Amino acid sequence: MDAATPIAVRRHAACQDLLAHARTLLAPAGATPDVLTQLRDGLVALASDHADLFPLSDFKMPDAQGVNHMLDDAANDGLGLYLTIALPGKEAAPHDHGIWCVNAAVSGAELQRFYRLAPQSSGQQKPEIEEIGRVIVEPGVGMVMADHDIHSTDVLGDQPFVGLAMYGYAITKFPAVVWYHTQFDEVRACASRRPVEVRAQ
Ligand SMILES: [Fe+2]
């Protein structure tokens, strides 16, 4: 496959290679910290070294906020791989997707904050959270989250954030997502999208 091959074909092949490698890494013991770090590094390499495979002309911009474009619509095996576009100013409150994810940047910058449940509030109906770290995801810098890690996001600057995201499940099959709206003293859980027979999370 050379430079004359259409970008969409090369992009599809690169995504297939990434997913095949991910499945190989995940097969022995699942999403261990070491495996997740390797998945993140692979995604960062794809986004940084092959940014030309993800021209914005191939992806519809969001009408507002953000959009997730599925990059692999044939992988019905749990993994979800997306190109995400988030407009300047888009933010997401602290939340727990229930499933791991790794992110990388094609262009732009997004601040990711990470949280944990405050020890003194564990077990309460409205547990409190406290920040434990942050990273700016930008070209060359990715992020990794394990199952049930809590994060929030803010697009930085005046350019859209264009990133790659890999999740343990496709977004359409996510478990319940728990949102922590601390300014309103509110915790809400969205309904799980997992099939009832496999709803372990
Ligand atoms: Fe998230």
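What does the charge count near Leu53 come to, summing +1 for each Lys or Arg and -1 for each Asp or Glu among other residues with Cβ under 10 Å from its Cβ?
Charge balance near Leu53 sits at -1.
So who's got an amide H within less than 5 Å of the one on Ser107, skipping anything under 5 residues away but keeping other chains? H placed 1.01 Å off N, in plane.
For Ser107, whose amide H was placed from the backbone, the distant partners under 5 Å are Val162.
Using a Gaussian network for the chain with springs between C-alpha atoms less than 10 Å apart, which of these wobbles most: Leu164, Leu156, Leu43?
Among Leu164, Leu156, Leu43, the largest GNM mean-square fluctuation belongs to Leu156.
Under 10 Å from the Cβ of Asp149, count the other residues' Cβ atoms, weight Lys and Arg +1, Asp and Glu -1, and hand me the total.
Net charge around Asp149: -1.
What is the angle, in °, between the Cα long axis of helix 7-26 and the longest principal axis of the Cα atoms in the chain? Nearest 10 is fine, range 0 to 90.
Roughly 50 degrees, rounded to the nearest 10.
Summing Lys, Arg as +1 and Asp, Glu as -1, what charge do residues with Cβ under 12 Å from the Cβ of Asp96 carry, Asp96 excluded?
Residues near Asp96 contribute 0 overall.
Quick check of the Kirkwood formula: for the chain, what is the inverse mean of 1/r over all pairs of different Cα atoms, in Å?
Answer for the chain: a Kirkwood hydrodynamic radius of 17.6 Å.
Tell me, Kirkwood radius of the stretch 1-104 from alpha-carbon pair distances, in Å?
Taking the inverse mean of 1/r over all distinct Cα pairs, the stretch 1-104 comes out at 15.2 Å.
Could you check the simple spin-label distance between Leu111 and His21, using points 7 Å along Cα→Cβ, in nm with one decimal?
3.2
Using the per-residue mean of other Cβ atoms lying within 10 Å as a proxy for protection, in what order, highest first, do the peptides 143-154, 124-135 fall?
143-154, 124-135
When the Karplus curve 6.51 cos²θ - 1.76 cosθ + 1.60 is applied with θ = phi - 60°, which whole-Hz ³J(HN,Hα) does each residue of the stretch 34-45 get, with x for Gly and Pro?
5, 5, 4, 5, 5, 5, 4, 5, x, 5, 4, 5
Could you compute how fast the stretch 93-143 diffuses translationally, taking Rh as the Kirkwood radius over C-alpha pairs and applying Stokes-Einstein at 37 °C with viscosity 0.692 mPa s? Give it in µm² per second.
My calculation gives 261 µm²/s for D.
Each reported figure results from applying straightforward, stated rules to the coordinates on display, with no laboratory input. None of these values were measured; they are calculated from a predicted model. Here the Cβ is made from the backbone with ideal geometry for all residues, glycine too, and neighbour counts use every protein chain on show.
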